[in-house]
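For reference, the structure discussed in these notes is given below.
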Protein chains: 2
Amino acid sequence: MDASELRRGKVAAHLIWGAPTSVLVGDFLFARAFELMVETDSMRALGILAEASRVISEGEVLQLTRAHDLNLDQDVYLQIISAKTAELFAAAAEAGAVGAGADAAAVKALRDYGMALGIAFQLADDALDYGATAEALGKNAGDDFNEGKATLPLLLGAARTRGREAAFWERTITKGERTPEDFGRARELIVGSGAIGATLDLAGDYADRAKAAVSALPASDWRTALEDLADFAVSRAA
Amino acid sequence: MDASELRRGKVAAHLIWGAPTSVLVGDFLFARAFELMVETDSMRALGILAEASRVISEGEVLQLTRAHDLNLDQDVYLQIISAKTAELFAAAAEAGAVGAGADAAAVKALRDYGMALGIAFQLADDALDYGATAEALGKNAGDDFNEGKATLPLLLGAARTRGREAAFWERTITKGERTPEDFGRARELIVGSGAIGATLDLAGDYADRAKAAVSALPASDWRTALEDLADFAVSRAA
């Protein structure tokens, strides 16, 4: 989708096998997952996962329609990452709770946990795209910038430097006219403006919400693991 | 998938909206269909459709791996079109019967009908790719040739003209080195060899199988419509 050359730190499938094969194998995996879900014989879990699939694809479309928009509202950005990323975390946590026969309060707690964790994860991921090495990110830094994707670090960085850098942002994002050197300058401006720190602060807030969501569940190694995971989603980017 | 510029007689979505949007909207439609299936609350129908989704994507992958292969066995070709096309017809007919509460014999009859209808349809479609105008086909003629897709008209036409045209087929299909003029010559060779007629004869055999499959169902306007549909799947290409 994002034409990145790296995925999870490895050469992306479309570069090895070509785009048609990669798309088809994606369809196959979707269909195979659907079969495995039917095998659970849980219509409720199927409903959760069907809705998640639809919400995720809506989120991706929404993001695509709002690329290149430097005036994107922070609330709309959060709506996009809630749909395209956090819905999957929420559905996974909710379906797990349903499958385990948890009561309604625990199902809701775990769904809320997944949603907050997913938002924290995506905020950190968007920060990493302007700050990390390819090794740490598992894909090339700069991909978001090169697609003109309106992520929070870009929105904040551009807003904070617009006075003196209006022409740079107008050209590279609004008009989408980028040279290979522009990413380095964009990164300097964004990091220098404190936008990475602000993005990671917000990610930390969502990690705290995730931990709060499971605080009413009985203490256990599993609950501790969920809490640690929320912290790690942010600390990996710090 | 096939990079065709026309689909159902209209300009293809990827040319209007771009490939990423088209892929995402495809994902959305898949997810939305999944949601609608869950609403039926029929785990049996979901199982039929999940299996069909998986078989279809396997068929597309199989076809892709066997492109450019002029020695493809006719049985493997039939296996490919059974999976990538006819499985959808079979699942639709079967799920309809299940949804209507039909008995096991009628469910099987309708599944068999759909499978044979789908094979007849795809054989005729593959013949049309070497014979029809874009208006009749709803997409550009020559797409299969230009992808080196090993369809029955090509396999038969190449086999029947290989003595004198070995170099032409070797270059255009096996090596995939095609010029814009090559499709016209390929079409002449294939039509002249009688391969289109042979493909449509086989399509007619499958249309007869489809009609035989529903012959034990009670006579009705609906059964007649199914029979007419089987004939039309082939006659549209004659």
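Please report the projected area of segment A:55-120's Cα convex hull averaged over all directions, in nm².
Computing the convex hull of the Cα atoms and averaging its projections yields 4.5 nm².
Over 25 Å between Cα atoms: which of B:LYS10/B:LYS211; A:LYS10/A:LYS149; B:LYS149/B:LYS211; B:LYS84/B:LYS149 fall into that group? Walk me through the intermediate numbers first.
Details: B:LYS10/B:LYS211 32 Å; A:LYS10/A:LYS149 22 Å; B:LYS149/B:LYS211 29 Å; B:LYS84/B:LYS149 13 Å.
In this structure, B:LYS10/B:LYS211; B:LYS149/B:LYS211 lie more than 25 Å apart at Cα.
In what order, largest first, do A:THR199, B:THR179 sit by accessible area if the probe radius is 1.4 Å? Don't skip to the answer; put the middle values down first.
Numbers: A:THR199 0, B:THR179 60 Å².
Output order, biggest surface exposure first: B:THR179, A:THR199.
Before rounding to the nearest 500, sum -39500 (n - 2.57) across all DSSP H runs of length at least 4 in the protein assembly as shown and divide by the residue total; then give [θ] at 222 nm in deg cm²/dmol.
Result for the protein assembly as shown: -22500 deg cm²/dmol, rounded to the nearest 500.
With a 1.4 Å probe on protein heavy atoms only, work out how much accessible surface B and A bury together, total over both chains, in Å² to the nearest 100.
Chains B and A together bury roughly 2700 Å² of accessible area.
Tell me, what is the FRET efficiency for A:ASP73 and A:THR174 to the nearest 0.05, using R0 = 22 angstrom and their Cβ-Cβ distance as r?
Calculated transfer efficiency: 0.85.
Of the candidates A:ALA198, A:ALA210, A:ALA116, which one comes out as most mobile in a Gaussian network treatment of chain A with C-alpha springs shorter than 10 Å?
Judging by the Gaussian network model, the answer is A:ALA198.
By Kyte-Doolittle mean hydropathy of at least 0.0 and Cα axial length of at least 18 Å, which whole DSSP H helices of chain A are selected?
A:19-39, A:43-65, A:104-128, A:152-169, A:195-213
Along each of the three principal axes of the Cα atoms of segment B:133-217, give the extent in whole Å, ordering the values from largest to smallest.
51, 31, 20
Under the Kirkwood approximation applied to all pairs of distinct alpha-carbon atoms, what is the hydrodynamic radius of chain A in Å?
Radius from the Kirkwood sum: 19.2 Å.
List the residues of segment B:58-98 for which accessible area in the full set of protein chains is at least 40 Å² lower than for the chain on its own; 1.4 Å probe, protein heavy atoms only.
B:VAL61, B:LEU64
Only counting protein heavy atoms at a 1.4 Å probe, give the residues of segment B:1-23, ordered by number, whose accessible area falls by 20 Å² or more when the other protein chains are present relative to the chain alone.
Residues of segment B:1-23 that lose at least 20 Å² of accessible area once the other chains are added: B:MET1, B:PRO20, B:THR21, B:VAL23.
Using a 1.4 angstrom probe on protein heavy atoms only, which residues from segment A:37-52 are buried by at least 50 Å² of accessible area when all chains are present rather than their own chain alone?
A:VAL38, A:MET43, A:ALA50
Would you kindly calculate the mean projected area, averaged across all directions, of the convex hull enclosing the Cα atoms of segment B:86-199, in square nanometres?
Dividing the Cα hull surface by four gives the mean projection, 8.4 nm².
If I compute solvent accessible area with a 1.4 Å probe over the protein chains, what percent of it on the protein assembly as shown is carbon and sulfur? Let's see the in-between values first.
Working: 12800 of 22830 Å².
It is 56 percent, rounded to a whole number.
Percent of alpha carbon pairs in the protein assembly as shown separated by more than 44 Å?
Taking all Cα-Cα pairs of the protein assembly as shown, the fraction more than 44 Å apart is 29 percent.
The values are calculated or read from the model by the stated rules, or taken from the named source; none is laboratory data. This is a predicted model, so every value here is computed, not measured. Note that we place each Cβ from the backbone using ideal geometry, even for glycine, and neighbour counts take in every protein chain shown. Ligands, DNA and RNA are excluded from the accessible area calculation, which covers all protein heavy atoms including side chains. Shrake-Rupley method; radii C 1.70, N 1.55, O 1.52, S 1.80 Å.
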